[in-house]
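Enquirer: This is the structure I have questions about; it appears just below.
Every number in this text was worked out from the coordinates using simple rules, so none of it is lab data. Every value quoted in this text rests on a predicted model; they were computed, and no experiment measured them. A quick note on method: Cβ atoms are made from the backbone with ideal geometry, for glycine too, and the neighbour counts reach across all protein chains shown.
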């Protein structure tokens, strides 16, 4: 494509046609403030903060929305631009309840950042009347919605529509009454929201935030009578650093464990352990379903089977494709398997009264908070997971405790339920569950390792929204002869828009997959709604590289090799899909309406 | 709205996204407002979310999402209307019917609303009662008009015809 030449603040820039003035400025090293713009989302052009002056144009141009043209002369810092920018920000602030010191997003708010930069005199604008009468929607287990902080940039609306194919949030009313609203202004807990938190990740202000459990967890940590265990999800260790001054993609596993110990957790354990366990259960479930359908001609067993680790995906399929709920693996997510075992197996082994155990998890996810609150998740006889913290909340707790994170020496996870393999850590990236499952399932069937160099199943990796792979099964062990020569067809989708495409293809009979991995968030858990902000394709790519590096560095890289997994089957669970597994590790789903 | 009636409307217009407005308008024409259930059904038919349909409906004063009275009084709230005294007119009607804007009387007879421009800026203050326009209002004039409706309503109590103005 032909390049376009223009100047920005008299600096010549050359850039591909179709790019925006904002892109060109970025290339020239000139920063233009933005609010409604987000690299993952389509152009909205509604906040106007990014206006620039174009020589010869009558009006100022929104640089995020206007494509470059040959010979353009742009000024990003003229008197006219400076004045307009300040006025626009003042107008936005007049619609925003600027209660900054009391705000959960204090110091992490894009609007506050811009106000600090560009607004330095008290405004003469009258605050919008709506700011005096507002209510905060705290109905959801995962997300708090405070309309008085909303500047109507509609990042959340675009996220929910474009990335997630839900549109639980839309723009309602108009003028001074305009607001971001669910259907009929219903509480978030009562609508199609999947709790994925992608809107929270992209909200520039404190209008959408995670429901935080910092106080509750602190309280438990200070209670001498409680034994507080914490589990950390695979994707937390590769992103927590971002919340504590590290660059994206830096792995902080050992420091995180050390910090959790300093915070006072009685045992620092690993969700990766139950990720390995998930592979044993889910892999066996898949093979059982394949046998039932292909050999026994059982019409009750549904294929393709889909993964069930992502609680955003579960809520989505419950709402959108309830007819496919029999296709979802009955396996609980690793978080909930861990929770159920913490108050049974772990309690027994450590001779603890489960009533005195407080089970905390650190997740890259806001939907995990909802998942932990589901009524089904009490198979231990207690609430299996008491509190779910996001990666962001953990970063905050570490700062609150005054821990010098970068100076911490690496520590290892406690045992039991702290040992894991590389197959578990890749759960944090899109395609990881598939890759981990194939590493184990292929070996169960054939007795040989998957035929990929260094166990790296490259077709499962990458950031393409939907990926497909086919694995030919040859040289089966005696028990699995019925699969000889069969081609196992799998698909991977991340982001619910892609999940929708895959499920629609299955529904319309256009796809004949056996196994589908779905992660609700772009990039998988590493791009989860509870991860440090900001997020972008580049940041997610760096996190993915960190995940695969973590896997490559593990001494064991196949779930069925995990010695603690072998031990738990030996001592407690007996066998995958056995009686005890069914009781503690598997679950049921609920049909929900699409509105 | 009954399922078959709604399906008929959707089939008549088609299910492209841009057909949302005419579909909602026709439902309002037929039953005066959009119920939650109507919006959900339209959303499903057009592959939209219910929130998107609500978002569109709530943008327009003439696509109400709450049940209305038999007589819907709409007083213009444009700046011009305000300059010419629409607030006093609104207050007079409000006092007369003991009704705040956005409410419907307990007997289901009147709803009072403030709406954006109704196209009579040269004759403000103006109001609509259902489809009928009243212009150049004063509080007294507005009160007289409302009184006529009240009278009409009490007279025709036995054989009430909601479409009659």
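Enquirer: Just to verify a number: FRET efficiency for residue A:470 and residue A:355, C-beta to C-beta distance, R0 = 51 Å, to 0.05? Don't skip to the end; give the middle numbers.
Expert: Working: r = 50 Å, r/R0 = 0.97.
Efficiency at R0 = 51 Å is approximately 0.55.
Enquirer: Between residue A:533 and residue A:478, what is the spin-label point distance in nm, taking each point 7 Å from the Cα along the Cα→C-beta axis?
Expert: Result: 6.0 nm between the two label points.
Enquirer: May I pose another question? Using the basic label-point model (7 angstrom from Cα toward the beta carbon), what is the residue A:225 to residue B:68 distance in nanometres?
Expert: 6.2
Enquirer: Could I ask something else about it? Hey, got the average number of other protein chain Cβ atoms within 10 angstrom for residues in A:589-595? Could the numbers behind the result be given before it?
Expert: Numbers: counts 0, 0, 0, 0, 2, 5, 12.
Rounded to a whole number, the mean comes out at 3.
Enquirer: Could you give the length gained on full extension between residue A:262 and residue A:487, defined as 0.36 nm per residue of separation minus the Cα-Cα distance, in nm? Kindly include the intermediate steps, with their values, before the conclusion.
Expert: Working: separation 225, 0.36 × 225 = 81.00 nm, distance 5.00 nm.
Answer, rounded to one decimal: 76.0 nm.
Enquirer: Volume per residue, Å³, of the convex hull around the alpha-carbon atoms of the range A:107-159? Walk me through the intermediate numbers first.
Expert: On the way: hull volume 6.6 nm³, N = 53.
Roughly 125 Å³ of hull volume per residue.
Enquirer: Compute from the Cα atoms of the range B:3-59 the Rg and the Dmax, the latter being the longest Cα-Cα distance, and quote both in angstrom.
Expert: Final numbers for Rg and Dmax: 9.8, 27 Å.
Enquirer: Apply 1/(1 + (r/R0)^6) to the Cβ-Cβ distance of residue A:296 and residue B:7, taking R0 = 56 Å, and write down the FRET efficiency to the nearest 0.05.
Expert: On the way: r = 42 Å, r/R0 = 0.75.
It comes out at approximately 0.85.
Enquirer: What does the extension gain come out to for residue B:133 and residue B:31, with contour length at 0.36 nm per residue minus their alpha carbon separation?
Expert: That works out to 34.6 nm of additional length.
Enquirer: Please report the antiparallel percentage of DSSP beta bridges with both residues in the range A:3-92, rounded to the nearest 5. Kindly include the intermediate steps, with their values, before the conclusion.
Expert: Working: 11 of 13 bridges.
Of those bridges, close to 85 percent are antiparallel.
Enquirer: Still on this structure, please answer the following. Going by a ≥ b ≥ c, the root eigenvalues of the Cα gyration tensor, does the range A:435-568 fall in the rounded group (a/c under 1.5), the prolate group (a/b larger than b/c) or the oblate group? Display every interim value, and only then the final one.
Expert: Values: a/c = 2.25, a/b = 1.24, b/c = 1.82.
Judged from the Cα gyration tensor, the range A:435-568 comes out oblate (a/c at least 1.5, b/c at or above a/b).
Enquirer: Here's another thing I want to ask about it. Tell me the angle of helix A:311-320 to the major Cα principal axis of chain A, expressed in degrees between 0 and 90 and rounded to the nearest ten.
Expert: Its long axis makes an angle of about 80 degrees.
Enquirer: How many Cβ atoms of partner chains, on average, are near each residue of B:60-66 if near means within 10 Å of its Cβ?
Expert: Numbers: counts 1, 1, 0, 0, 0, 3, 1.
The mean count of partner-chain Cβ atoms within 10 Å per residue comes to 1.
Enquirer: Quantify how much of the Cα-Cα distance distribution of chain B extends past 18 Å, in percent.
Expert: Values: 8416 of 13530 pairs.
Of the Cα pairs, 62 percent sit more than 18 Å apart.
Enquirer: Would you kindly work out the equivalent ellipsoid of the range A:61-186 from its C-alpha gyration tensor and give its semi-axes, the square roots of five times the eigenvalues, largest first in whole Å? Walk me through the intermediate numbers first.
Expert: Working: eigenvalues 160, 89, 38 Å².
The three semi-axes for the range A:61-186 are 28, 21, 14 Å.
Enquirer: Based on a Kirkwood Rh over C-alpha pairs, give the Stokes-Einstein translational diffusion coefficient of the range A:184-340 at 37 °C and viscosity 0.692 mPa s in µm²/s. Spell out each step's value before the answer.
Expert: On the way: Rh = 18.8 Å.
Answer from the Stokes-Einstein relation: 174 µm²/s.
Enquirer: Then there is this: Can you tell me which of A:240-248, B:135-143 comes out highest on packing, and rank the rest after it, using the mean Cβ neighbours within 10 Å? Can you show the working numbers first?
Expert: Working: A:240-248: 19.7, B:135-143: 16.6.
Sorting A:240-248, B:135-143 by mean packing, highest first, produces A:240-248, B:135-143.
Enquirer: Summarise the partner chain shielding of A:169-180 as one whole number: the mean count of Cβ atoms from other chains within 10 Å of each residue's Cβ.
Expert: Details: counts 4, 10, 7, 9, 4, 5, 2, 0, 1, 3, 2, 2.
Across A:169-180, the average partner-chain Cβ count within 10 Å equals 4.
Enquirer: What fraction of the DSSP beta bridges in the protein assembly as shown is antiparallel, stated in percent and rounded to the nearest 5?
Expert: On the way: 34 of 64 bridges.
Bridges in the protein assembly as shown are about 55 percent antiparallel.
Enquirer: Test of understanding: in a Gaussian network model of chain B with alpha carbons linked when under 10 Å, which of B:102, B:69, B:85 would top the mean-square fluctuation ranking?
Expert: Highest fluctuation among the options: B:102.
Enquirer: Also, quick follow-up: What is the order of A:478, A:147, fewest Cβ neighbours within 10 Å to most? Write out the running numbers ahead of the final one.
Expert: Numbers: A:478 6, A:147 19.
The fewest-first ordering by Cβ neighbours comes to A:478, A:147.
Enquirer: With N set to the residue count of the range A:349-495, report its C-alpha Rg divided by 2.2 N^0.38 Å to two decimal places. Let's see the in-between values first.
Expert: On the way: Rg = 20.2 Å, N = 147, 2.2 N^0.38 = 14.7 Å.
Against the compact-globule rule of thumb, the ratio is 1.37.
Enquirer: Once the principal axes of the Cα atoms of the protein assembly as shown are found, what is the range along each, listed largest first in whole angstroms?
Expert: Principal extents (Cα only, largest first): 92, 71, 62 Å.
Enquirer: Among A:345, B:54, rank each residue by its count of other Cβ atoms within 10 Å, from fewest to most, as a rough exposure measure. Each step should come with its number before you reach the end.
Expert: Numbers: A:345 19, B:54 29.
Sorted ascending by nearby Cβ count, the order is A:345, B:54.
Enquirer: Using r as the Cβ-Cβ distance of residue A:69 and residue A:130, and R0 as 30 Å, what FRET efficiency do you calculate, to the nearest 0.05? Walk me through the numbers before you get to the answer.
Expert: On the way: r = 40 Å, r/R0 = 1.32.
My answer for the efficiency is 0.15.
Enquirer: Using Stokes-Einstein with the Kirkwood hydrodynamic radius over Cα pairs, what translational diffusion coefficient do you get for the range B:71-155 at 10 °C and a viscosity of 1.306 mPa s, in µm²/s rounded to a whole number? Mind showing how you got there, number by number?
Expert: Values: Rh = 12.5 Å.
In µm²/s, the coefficient is 127.
Enquirer: In degrees, nearest 10, range 0 to 90: what is the angle between the Cα axis of helix A:432-446 and the longest Cα principal axis of chain A?
Expert: Its long axis makes an angle of about 20 degrees.
Enquirer: Measure off 7 Å from each Cα along the Cα-to-Cβ vector at residue A:101 and residue A:14, then give the distance between these two points in nanometres to one decimal.
Expert: Modelled inter-label distance: 5.4 nm.
Enquirer: For each of A:261, B:77, A:351, A:315, count neighbouring Cβ atoms within 10 Å of the residue's Cβ, then give the residues from fewest to most. Intermediate results must be reported in sequence, preceding the final value.
Expert: On the way: A:261 16, B:77 19, A:351 6, A:315 25.
Ordered from fewest to most neighbouring Cβ atoms within 10 Å, A:261, B:77, A:351, A:315 come out as A:351, A:261, B:77, A:315.
Enquirer: Of all DSSP beta bridges located in chain B, what percent are antiparallel, nearest 5? Before the final figure, lay out the partial values.
Expert: On the way: 7 of 13 bridges.
Counting DSSP beta bridges with both partners in chain B, the antiparallel share is about 55 percent.
Enquirer: Could you state the orientation-averaged shadow area of the convex hull built on the Cα atoms of the range A:3-92, in nm² to one decimal? Walk me through the intermediate numbers first.
Expert: Numbers: hull surface 21.9 nm².
Reported value for the Cα convex hull: 5.5 nm².
Enquirer: How many angstrom separate the Cα center of the range B:6-21 from the Cα center of the range A:370-415?
Expert: 49
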